Amino acid sequence: MLLRIRPAAAAAPSLRRISSTYSARSSFSISSSSSPYALFPPTNIFTAHSLHSTTNLSESTTAQIAPDTPQESEIIFVGTGTSEGIPRVSCLTNPYKKCEVCSKAANPGDKNKRLNTSILIRYSQPAGNLNILIDAGKFFYHSALRWFPTIGIRKLDAVLITHSHADAIGGLDDLRDWTNNVQRNIPIYVANRDFEVMKKTHYYLVDTSVVTPGAAVSDLQFKIINEEPFVVYDIKFTPLPVWHGKDYRSLGFRFGNICYISDVSEIPEETYPLLKDCDLLIMDALRPDRSSATHFGLPRALEEVRKIQPKRTLFTGMMHLMDHEKINEQLIKLKDSEGLDVQLSYDGLRVPVTL
């Protein structure tokens, strides 16, 4: 399973099993105040770079692709923002202070407009594409409406859950549109601790016997995973356990030479071997100046990039202090100074991969 960064990269390494913190040991199925740019000196010139010539979809695009026709496999950034999204309503309604990033994000097509962090793996096969979504947060409907018709995504073949916060599972109810009108059900791959949360937050999706007869809700097939590799169709996923705040476990996922870690404040030592020989690292970077209690900031994220040494890194999960153009024009300088290929991602970014 290879990431293609035009040209193709090296083959995937073997993945070492790590110890599990869950009681379950195997998978089973259940039906049913600082300156925002303190890190970098200001600059007024944005430099484009050929290494980042991935596809961008404009919101104004009207041409549509036939749904799920075989094409090149790719990763689609469904969302790259925080739980509250960007622009913030509070910024746009503040009469005393203008937020530069939120003001930009209010313009159609601006890359600072960000909804809940999520990616879709579009796996091309001769019989048609498989679409595997990672996280369905509370803005999932809006993200799907924004991108799926233009890209040509109709069905969802599986959903993987990183953790049980609202920005990762708040959109599970919206999957009813798919299970009522497109397909019979959707498998949801989720850790047991997060499934226990879903029993409370989405009890009617876990136990559909409580639903009023005749009411249409999402038909989800919950598949409990632990911290050992599992297979979705023929793609091997290796969980990447990380801390998302004190004593709160979240999962990233490795598939081939692609490593995805969306919500992280600390990477345990036992997870680093699973990140070895990573071609593409997609990682959390909340703000430009410092980390928070639950997320890497850009300085810490760059430290981790230097330690992990991926071939390419795309940051995600950015708040409104992260100006897409201003931060990227500084990050691109690290290619010459340190050999680091790092950039911010954005909603609608499409990265071709070989799976």
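The values are calculated or read from the model by the stated rules, or taken from the named source; none is laboratory data. Because the structure is predicted, anything quoted here is derived from the model rather than measured. Please note: Cβ atoms are built from the backbone with ideal geometry, for glycine as well, and neighbour counts cover all protein chains shown.
Have a look at Arg154, Arg146, Arg122 and point out the one that is of a type in the set (D, E, K, R), under 24 Å from Leu355 (Cβ atoms) and surrounded by fewer than 23 Cβ atoms within 10 Å (Cβ to Cβ).
One residue alone meets the criteria, Arg154.
Which residue, of Gly214, Gly256, Gly252, Gly245, is surrounded by 14 or more Cβ atoms within 10 Å (Cβ to Cβ) and modelled with pLDDT under 95?
Gly256
In the set Ile261, Ile235, Ile225, which member is within 19 Å of the chain's Cα centre (by Cα) and over 26 Å from Leu205 (Cβ atoms)?
Ile261
Looking only at the range 134-166, how many residues end up being in contact with a Lys or Arg (Cβ under 9 Å, 6 or more places away or on another chain), of a type in the set (Val, Ile, Thr) and outside any helix (DSSP H, G or I)?
So the answer is 1.
Just one of Asp177, Asp110 is part of a loop (DSSP other than H, G, I, E, B), at pLDDT 95 or above and among the acidic types (Asp, Glu); which is it?
Checking each option against the conditions leaves just Asp110.
Only one of these is buried (at least 20 other Cβ atoms within 10 Å of the Cβ) and at pLDDT 95 or above: Ala301, Ala293. Name it.
Ala301
Limited to the range 74-100, what total is found for residues that are charged (D, E, K, R), surrounded by 12 or more Cβ atoms within 10 Å (Cβ to Cβ) and not in a helix (DSSP H, G or I)?
Total satisfying the criteria: 3.
Inspect all residues belonging to the range 205-226 and state whether any of them is of a type outside the set (Val, Ile, Thr), under 30 Å from Lys276 (Cβ atoms) and assigned to a loop (DSSP other than H, G, I, E, B).
yes
Scan the range 304-315 residue by residue and report those that are surrounded by fewer than 24 Cβ atoms within 10 Å (Cβ to Cβ) and part of a loop (DSSP other than H, G, I, E, B).
Matches in the range 304-315: Gln309, Lys311.
Look through the range 316-355, keep the residues that are under 22 Å from Ser90 (Cα atoms) and over 16 Å from the mean Cα position of the chain (by Cα), and return whichever of them is surrounded by the most Cβ atoms within 10 Å (Cβ to Cβ).
Checked the range 316-355; the qualifying residue surrounded by the most Cβ atoms within 10 Å (Cβ to Cβ) is Met322.
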